[in-house]
Amino acid sequence: IVFSDGMSERVLRACHLVREAGIAHPVILGQAGPIHEMLERMDLPREGLDVLDPTSDERLADYIQCYHELRFRRGVNHSRAEHLLTTSPIHFALMMVRKGDADAAVLGLKTPYHDVIRPAIQMIGLDPSVKRLLGMSMLTDKRGRPLFFADCLVNEDPDAEDLASIAIQAADAVRACD
């Protein structure tokens, strides 16, 4: 799982917990020096946490080319693609997911929702059968059971058909987790 907000103490603690629990292998985006200093100040080990600097990653040129090809018809030239992938950890993390270099991404700790979801849609895309995008949250109850809640976070004033579509997509997503 790639985490885009590498300079956040909350993210670093979460990465440590995820690694310790054996849930996933965390990849933290940012400059190694400052992140390692933060981990040391927080008394957290560096072992098992990969820190990746998007500006010097060996996949950067490939990611830039891929993003340019993906978005050039929308006015994104090579220079703009390079700018986004070197300055926006969200874009870099999403490209890691798109290219199969990460299974998932935790994004936008302090970023407005639309500034996270828009590039996700642009870079990952939606299943052609999806009529409406939905937001879904998972909560683990006191007994350890996962509970899923689908909401209308991204849809203003959905009609009955939209709500039915959201419910069906949510049910399909939960079944896919089994």
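The values are calculated or read from the model by the stated rules, or taken from the named source; none is laboratory data. Keep in mind that this is a model prediction, so the values were computed, not measured. For neighbour counting, all protein chains shown are included, and Cβ atoms are generated from backbone atoms with ideal geometry for every residue, glycine included. The area values use the complete protein model at the heavy-atom level, side chains included, leaving out ligands, DNA and RNA. Shrake-Rupley method; radii C 1.70, N 1.55, O 1.52, S 1.80 Å.
Observations, loosely collected:
- Selection status of S137, more than 19 Å from V2 (Cβ to Cβ), touching an Asp or Glu at 6+ places or on another chain (Cβ under 9 Å) and open to solvent by 40 Å² or more (accessible area, probe 1.4 Å): yes
- Residue satisfying condition, being without any contact (Cβ under 8 Å) to a residue 60 or more places away in the chain, touching an Asp or Glu at 6+ places or on another chain (Cβ under 7 Å), under 17 Å from F92 (Cβ atoms) and not β-branched (V, I, T), within set Q65, Q31: Q31
- Among the candidates D62, D53, D57, residue that is touching a strand residue (DSSP E or B) at 6+ places or on another chain (Cβ under 8 Å) and at pLDDT 95 or above: D53
- Contact map, region 144-161: residues that are at pLDDT below 90 and among the acidic types (D, E) paired with residues that are open to solvent by 70 Å² or more (accessible area, probe 1.4 Å) and assigned to a loop (DSSP other than H, G, I, E, B), Cβ distance under 6 Å, separation 6+ or inter-chain. No pairs are found.
- Failed condition for V130, given (1) in contact (Cβ under 8 Å) with a residue 12 or more places away in the chain; (2) in a loop (DSSP other than H, G, I, E, B); (3) within 18 Å of the chain's Cα centre (by Cα): (3)
- Any helices (runs of 4 or more DSSP H) falling wholly within region 10-106 and containing at least 2 residues that are loosely packed, with under 13 Cβ neighbours inside 10 Å and out of contact with any helix residue (DSSP H, G or I) (no Cβ under 7 Å at 6 or more places or on another chain): 32-41, 60-71, 78-87
- Within region 140-158, the set of residues being at positive phi and open to solvent by less than 80 Å² (accessible area, probe 1.4 Å) comprises just one member, G144.
- Hits in region 107-127 (condition: without any contact (Cβ under 8 Å) to a residue 24 or more places away in the chain, charged (D, E, K, R) and assigned to a helix (DSSP H, G or I)): R118
- Take the conditions (1) at pLDDT 95 or above; (2) farther than 30 Å from C177 by Cβ; (3) hydrophobic (A, V, I, L, M, F, W, C); V11 misses just one of them, which is (2).
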